[in-house]
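The values are calculated or read from the model by the stated rules, or taken from the named source; none is laboratory data. Nothing here was measured: the structure is a model prediction, and the numbers come from that model. Heads up, the Cβs are rebuilt from the backbone with ideal geometry, glycines too, and the neighbour counts pull from every protein chain shown.
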Amino acid sequence: MRRLVWVAGALAGLVVLLLVYGAIELRSLDSPEFHKTLLEQARGTLGTNLRVERMTLSIFSGVSLRGVVIDNPPPFKGPFVSAQSFVLRYRLWPLLAGRLDVQQLAIEEPSINLEMDARGRFNYELLKPLAAPGAASRTSSSSALTLLLSKLSVDRGQLSLRDQSGPPLMRAEGFGLASGFEVGAAGLSGSGTVRLSTLDLGDALFVRDVEAPLKAGAGRATLGPVRGRVADGRLAGSLALRLGGGFQYGADVQVDGARVETLLKEAKAAPSLAGSLKATAHFDGTAGLPTLSGKGNASVGDCRAGSLPLLKLLSSVLQVPELADPRFDQCLLEFSLARSRLETAVLSMKGPSVDLGGHGSVMLETGALDHAMTLALRQALVDKISAREVRAAFTPRGDGFAKVDFKVSGTLASPKVDLLSRIGEKALTEAAKGKLKKLIN
């Protein structure tokens, strides 16, 4: 990430240095010949194609560009960065003292596409200044040139992050930034404010109206406290990025009052659950889902689970229609996540007549289930079960409920339970008891 910041500063510095070079070599800054020379020099420095629709230059004050496109370095394809306009204003004379003083860097409607290949390399790492031997040490060691960005502003931007699988892992729309930074021997330091109209995480979770203060220094950048909206509820939290030694992030998230049915609808998932969500979680990662780890807890008040595949299956197996759409007072979940495996230490759904709980795991990439569960029904509901062998499988637990243990396998979309085999074992046991009792009598 620090390299990415270095690239942004280096691009601004490159423009200034090329202007000085061009002023020496050519008499007219506004000539097509100079524009062509400048762009060719920039392409050679970056190691990729650069296109500009219109350019206005002043050696003593700055540059204004419109229709800017920087292509991805090979083997990546498509645009890396594009922008509707790019305005750079600077003071030239501080260069004599080794200080690049940028008074304004304003970018309108930028689109930044971060991509990672199967080897874990980001596209920006293959830009020529970073791909060259010794580039890593140059970007992290002390530098004779200090870059001061007094006013850095980004308006109506878009940012996407994807890996070799294709679909974006993250997409930020309506990105805005107002800040000031300094990049020197000590690294990056500064502060500002970040705004997002929409943050799309894997086309499954959408956070809107995000705003947070930004701080950078000592090799880290932090966003927080973060405020936003998610599924008609409130989102709060913080985000920390490591700027050196490889990309890494950590996030704390708190959600209050989000509607579960809205979350599922936006994620294009089956409407299997409804209610008001309250959740707290912490996550760490370096890129996509396989690198993500974390833990947290969630509760859903006034929980309805009328379309939950597992409850439908239980209702069918036990021939208890009330199980298909029970009312729960609260649904609870405590989880941990590592290597695409979600471990549920606590899974509990409690209501007046149905109590379903257990623990296990879900493989998020495949939806594969492995859970040990317990279903408890109020005794009056157990008495409605017509099959005697099924009723016999339930054991009273002393509080007006009777319970049966079972295992869940299959997938989230198509779960499987071993209740029938357990009921069969129970029936055989009861039959053996009956025969023994006849022999004794």
Identify all residues within the range 147-189 that are under 16 Å from Ser111 (Cα atoms), surrounded by 20 or more Cβ atoms within 10 Å (Cβ to Cβ) and modelled with pLDDT under 85; write none if there are none.
Leu169
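Would you check which residues across the range 277-320 are without any contact (Cβ under 8 Å) to a residue 12 or more places away in the chain and out of contact with any Lys or Arg (no Cβ under 9 Å at 6 or more places or on another chain) and list them?
Matches in the range 277-320: Ser315, Ser316.
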Residues of the range 329-360 that turn out to be closer than 30 Å to Pro290 by Cα, surrounded by 15 or more Cβ atoms within 10 Å (Cβ to Cβ) and either touching a residue at least 60 places away in the same chain (Cβ under 8 Å) or β-branched (Val, Ile, Thr) (or both), as a count:
1
Tell me the residue from Ser111, Ser143 that is at pLDDT 90 or above, of a type in the set (S, T, N, Q), surrounded by 14 or more Cβ atoms within 10 Å (Cβ to Cβ) and within 21 Å of Leu46 (Cβ to Cβ), please.
Ser111
How many of the residues making up the range 329-347 are within 18 Å of Gly275 (Cα to Cα) and at pLDDT below 90?
2
Would you pick out the residues in the range 213-255 that are within 30 Å of Ser414 (Cα to Cα) and surrounded by fewer than 16 Cβ atoms within 10 Å (Cβ to Cβ)?
Asp232
